[in-house]
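To start, the structure under review is shown below, and the notes come after it.
Computed from the coordinates by the stated procedures, all read-outs in this text should not be read as laboratory data. Computed from a predicted structure; not experimentally measured. Positions of Cβ are backbone-derived with ideal geometry, glycine not excepted, and every protein chain shown enters the neighbour counts.
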């Protein structure tokens, strides 16, 4: 039984917790990075240092920060895996310049994520992600897809498709179906499995598919027969096929064709019955078609439970296990009582000990020390957001965000998720990560010092020098430097200054600080 | 890699020492430890084209113009358009073991890939290559991913990715600093060394204060990564990590050369190269199956032959022959349907694998397909087909590879035992 299934009939107990919470400034840093993708300001850090009870107030402010939407896009991408480096179609298929490749991939992959993030920040019920009549698109998508995107408009806006597709939120976004494709032998079943996994946390594909012992499978008709009559096959196909049958409005008859892939095809909805022999349904609930699917999922008790489990995983930075049952059930109940407001769910997760943990009491079992993530590694896209906020620097090149794609960029090498071959953010630094971080820090520091983002006028021995180093420590790490840290910085700065001058000394010092475990961890 | 001093300190006080201790207790001196090059054929190969001759079986569409052949004790599907396949088995068959009838137990690419490499379809797990690398002797580039997937759980830090278009060399030599709209110059070596020393001093200080669990692990692994990075850089041009294309596809033999260089220098224990097939169109042939699979196999076996010939010329860090230490593992996440549909073949849960080289009992085929194109059970010890034997799964392949790596697979493969008949 999955955790989500268990949650349907939950009772609660409260075990003794060996976790020790992070100190308030560093917990504020974690919350700020998780909820708005930037470091807390010095003023915010000062506030919680003086009065830790301010933490909740500031956190609630982060939930109203306009950057929450952007941050949620990145967070949800780790689960939905739609921000991939390749789709079946590229810029030339739409008569766009080849240097639009990254912009196109990014926009397509983010479309479903933007819709969900918009529902969250507007504090609408999470079920709107399945019933919304609009999507969220930018001008690039507006130029290539059948959308009522305003002429001359820019940026991500709520718009409607004009091709007759039903109002089913993310299930009506091209971006979702471009990521989860199908073919003539799969018949939308893989797509159905993705819907079940992402929205109700039922991983149908986790069940073994074995042909062993079946006697007539060589004949293609034998497979279809087995799907309908062999118990082991029926166990999955009884739920998968009716759901797959619901999705044939997305069926394409010509591969790699912009019109085929860009448009919904209402006239093909009935193909599901022809090809799969079953009528559309959601786990036994008959559906008139895709138009009913969003509501059916929204009314499924597993949907809020899955949202709670997913939010916990994304913010705890680890898989949820059966041992987390009570905690996740508490989140589900809280989510339900808020009428499914995602901001409240985020708020609740940040209140959990699993989120706030910084260390463990002595004697804690090795297994728990191994499994819990008390110090997280900054995902590359979040690091990009944070550093841009700090210094105005973003590693871009020829239209590509170099921390936001895997080729030609460095997203995967820096521990990020590419949606296909890496599906979970890396938590441990390795060689590739270390050299990637080295180069990124060098670029960012060079830019920052050149732009005057660091006070470079002072030299070691002058109060202004120490003030600046103290300020950087506080801002970058949410920690006050001790004498030893100041001495290390001073020795380093002096050594570089003697060889290459003060500006280079500040550049190297800042680069070294950005590479520090206290910056890359949170 | 961890210094002994740091390791002992960690082991004594780290509750999380379980992650670090086994590695530390192994000998640090280079040896003739077995190494592995994994060649992953992305998309699902059609075993009927080479590995599983099914001539005369009702309902199985065999390749037109093909016939049964045998070389070095290995029966295979021979075709005039695929001379490299025949040449390969004639030249290397005595060192090759074909494993047929292994059921991946899924039909979707992503899940099959995970199952094939880890033996489990969901949840976190380290794949066979990552495990062998992480639990082997300490090395600076334990698992070299030239291209393709790496599934990780506890040993993510063991993976060193080149990047799909070879971005790692650009990072190493500083070229990446110019690939930016706001570029930076490559730091003077002396200044870069000072910066590294500053970083390390901070990390050492942090290590002393870090609580057990992931805060300390992060610092420890970061220090390891910096040590390993330094060694990788010191290898200089001995390891040219730039991928090379041949025509409209990546040159697999060149990828193998990079891996062998890393093995020769003692940098790596395992490496992975992804084969995307002819002109990078993948092995996922839902249309034009016969032509595309034929091209893919012809190129694949040509590259394998070139790579193995190259391997024969190399020495190892232990003073022996590299060919005596390297096992080449060729695999694909699924097989294809026995019947053609519109010129293509759908997915099939059964696939094959090819093991070549060190530690492999060559000149044999283990496992087979029955008339329903399902795998036949085998005796893992003898490799003979036996009723009531073991149905082969990826876990058996993984256990075999770990056993070849000198690692007890008992707790790592969900109970699946090695195919000992494949091991010399």
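List of remarks:
- Quarter of Cα convex hull surface for the stretch A:232-374, i.e. mean projection, nm²: 12.7 nm²
- Whole-percent pair-distance distribution, where bins are 10 Å wide, for the alpha carbons of the stretch A:412-522: 14, 42, 29, 12, 4, 0
- Distribution of pairwise C-alpha distances over the stretch B:340-424, 10 Å bins, in %: 17, 46, 27, 9, 1
- Shown here are the Rg and Dmax of the Cα trace of the stretch B:117-196, at 16.4, 48 Å.
- Relative to the longest principal axis of the Cα atoms of chain B, helix B:289-312 runs at roughly 50 degrees.
- The stretch A:297-312-the stretch B:268-293 distance, computed between alpha-carbon centres (Å): 38 Å
- Model label sites at residue A:65 and residue A:255, defined 7 Å from Cα along the beta-carbon direction, differ in position by 4.5 nm.
- Legend: Rg and Dmax of chain B, from Cα coordinates, 22.4, 72 Å.
- Rg(Cα)/(2.2 N^0.38 Å) for the stretch B:310-368, N = residue count: 1.64
- Helix axis angle, A:24-36 relative to chain A longest principal axis, alpha carbon, degrees: 40 degrees
- Three semi-axes describe the equivalent ellipsoid of the stretch A:193-314; taken as square roots of 5 times the Cα gyration tensor eigenvalues and ordered largest first, they are 25, 22, 14 Å.
- Net length gained if the chain between residue A:487 and residue A:299 were fully extended (0.36 nm per residue, minus Cα distance): 61.6 nm
- Computed lengthening from residue B:230 to residue B:313, 0.36 nm per intervening residue step minus Cα-Cα distance: 27.1 nm
- When the alpha carbon gyration tensor of the stretch A:99-206 is reduced to an equivalent ellipsoid, its three semi-axes come out at 24, 18, 13 angstrom, largest first.
- Once divided by 2.2 N^0.38 Å, the Cα radius of gyration of chain A becomes 1.06.
- For the stretch B:63-118 versus the stretch A:477-522, the gap between their alpha-carbon centres in whole angstrom: 56 Å
- In this label model, residue A:51 and residue A:389 are separated by 2.2 nm, measuring between points 7 Å along each Cα→Cβ vector.
- In plain terms, the C-alpha convex hull of the stretch B:264-383 casts an average shadow of 9.2 nm² when viewed from every direction.
- FRET efficiency for the residue B:411 to residue A:206 pair, using the beta carbon distance and R₀ = 30 Å, is estimated at 0.90.
- Length-normalised contact order of the stretch A:1-154 in % [C-alpha pairs under 8 Å, at least 6 apart]: 16 percent
- With respect to chain B, whose longest principal axis is taken over its alpha-carbon atoms, helix B:189-209 is tilted by about 90°.
- Mean separation of Cα pairs under 8 Å and 6 or more residues apart, divided by the residue count, gives the stretch B:29-154 a relative contact order of 18 percent.
- Residues B:281, B:152 arranged by fewest to most Cβ contacts within 10 Å: B:281, B:152
- Kirkwood-Stokes translational diffusion coefficient of the stretch A:296-447, alpha-carbon pairs, 10 °C, 1.306 mPa s, µm²/s: 90 µm²/s
- Relative contact order for chain A: 17 percent, from Cα pairs under 8 Å spaced at least 6 residues apart, divided by residue count.
- Rg(Cα)/(2.2 N^0.38 Å) for the stretch A:421-474, N = residue count: 1.60
- Peptide-level mean, for B:185-198, of C-beta atoms on other protein chains within 10 Å: 6
- Overall Cα dimensions of the protein assembly as shown, principal axis frame, Å, largest first: 89, 71, 58
- On the basis of the beta-carbon distance and an R0 of 22 Å, residue A:224 and residue B:376 show a calculated FRET efficiency of 0.35.
- Annotation for residue A:158 and residue B:205: the two label points, set 7 Å from Cα along the Cα-Cβ direction, are 5.1 nm apart.
- Stretch gain in nm, segment residue A:133-residue A:423, where the contour uses 0.36 nm per residue and the Cα spacing is subtracted: 101.4 nm
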